[in-house]
Amino acid sequence: MAISLRKNKHSGNVGLDIDDGFLAAAEVSDGVLSRTVSTALPIGLSSEGEVTDPQGLGESIKEFFRRQALPRSVRLGVANQQIVVRQIEIPRVENDRERDAAVRFQAAEAVPMPLEDAILDYQLIERVSIGDSERERMVVVAARKSMIEQLLEASRAAGLKVEGIDLNAFALVRTLAAAEVDAESQGEKARVYCHLGGMTNLAIAVGSTCVFTRPLTTSWDADDAEIASSLAEDIRLSIDFHSNLPGARTVADVVLSGPGAQREGLLYALDGLIGRPVTVAQPLGTLPAYPMPPDEDPHRYTVAAGLALGAAA
């Protein structure tokens, strides 16, 4: 089975978010969220977004799907240090094969891993005119094959049919950027999305297009002031890096999501430290309201819902 990070437009599958602390599954059909279920994940099966025990994780997922009677066809997400996201520019190319060759040539310089060890994909951001020539700006994604294989091994052990593997950052933006009503006013501004789960995942998007992402190593065992200070520094560094990219848009604000976004006092502390407005997202964006039991946390399902939506970010 060929695995690609390219995003397709099929929906109706289950999106499965494998967080270091929990499994969250969301089922979406025709843009409507029809079901959400989650469970705690035993320690040691996944660490910092990477599968560390494929068989153990597979058994946990298998039991979770059996208990919840979930469909076995899923879309999975990844977010860890074994993924590299870079922006590149190439001359405008009409032929798909020539574009692929040009992207791989540029990626060999921009991506800090041998391309033979990686799964490579890309997305067009925009076309720009520079002097008399037209150029294409691309987001290039490279994921280490060995990391993807560990995830697939766990999926096979769980008896899942993997329909696609996506970046959690793309799924995050897919869910939350749909809440932007005035697309024109947002077109010239970028927004930071920071998902605070078992691991922290940051994405910067212009409208619904994710142009930068990186995982952050937030330690939730520290005190509140230390967490806020460390997270604010990581967000500021990410904004600075993004601002130096060709054609970068000004970052207007920061949106928090995930279970950690509800941590008392974090929003207020970050708002003062980052120097930009900070808000907490509606966890499911503009998806129609779904009745959850009172003990369910809707903030667990932001990424899972975006994976299930499966549309281009």
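All of the numbers you see were taken from the coordinates with simple rules; none came from a lab. Since this is a predicted model, take the numbers as computed values, not measurements. Every residue, glycine as well, gets a Cβ built from its backbone with ideal geometry; the counts of neighbours run over all protein chains shown.
Full extension of the chain between Asp295 and Ser243 yields a length gain of 14.7 nm, computed as 0.36 nm times the residue separation minus the alpha carbon distance.
The peptide list 255-262, 58-65, put in order of mean Cβ contacts within 10 Å with the highest first, becomes 255-262, 58-65.
Loop-located chymotrypsin sites (Phe, Trp or Tyr not before Pro) in the range 204-313 (DSSP state other than H, G, I, E, B) with a sparse environment of at most 14 neighbouring Cβ atoms within 10 Å: Trp220.
Expressed as a fraction of 2.2 N^0.38 Å, the value expected for a compact globular protein of N residues, the C-alpha radius of gyration of the range 182-281 is 1.03.
Distance between the pseudo-spin-label points of Ala40 and Asp132 (7 Å out from Cα toward the beta carbon): 6.8 nm. Taken along the Cα-to-beta-carbon direction at a fixed 7 Å, the label points for Gln81 and Ala69 span 4.3 nm.
Based on the inverse mean of 1/r over its pairs of different Cα atoms, what is the Kirkwood hydrodynamic radius of the range 105-159, in Å? Result for the range 105-159 stands at 13.5 Å. Taken one residue at a time, the phi angles of the range 27-40 give Karplus couplings (6.51, -1.76, 1.60, θ = phi - 60°) of 10, 10, 10, 6, x, 10, 6, 9, 6, 9, 8, 8, 7, 5 Hz. Gly and Pro are set to x. Normalised by residue number, the volume inside the convex hull of the Cα atoms of the chain is 138 Å³ per residue.
Listed by chain and number, the aspartates and glutamates whose alpha-carbon sits under 18 Å from that of Lys161, ignoring those within fewer than 8 places in the same chain, are Asp17, Glu27, Glu59, Glu63, Glu149, Glu153. Using every pair of separate Cα atoms, the Kirkwood estimate puts the hydrodynamic radius of the range 59-167 at 16.0 angstrom.
The slack between Arg92 and Glu264, meaning 0.36 nm per residue of separation minus the straight C-alpha distance, is 57.0 nm. Look at where the Cα atoms of the range 192-212 and of the range 54-124 average out, and the two centres are 16 Å apart.
DSSP assigns beta bridges within the range 182-281; of those with both partners inside it, close to 55 percent run antiparallel.
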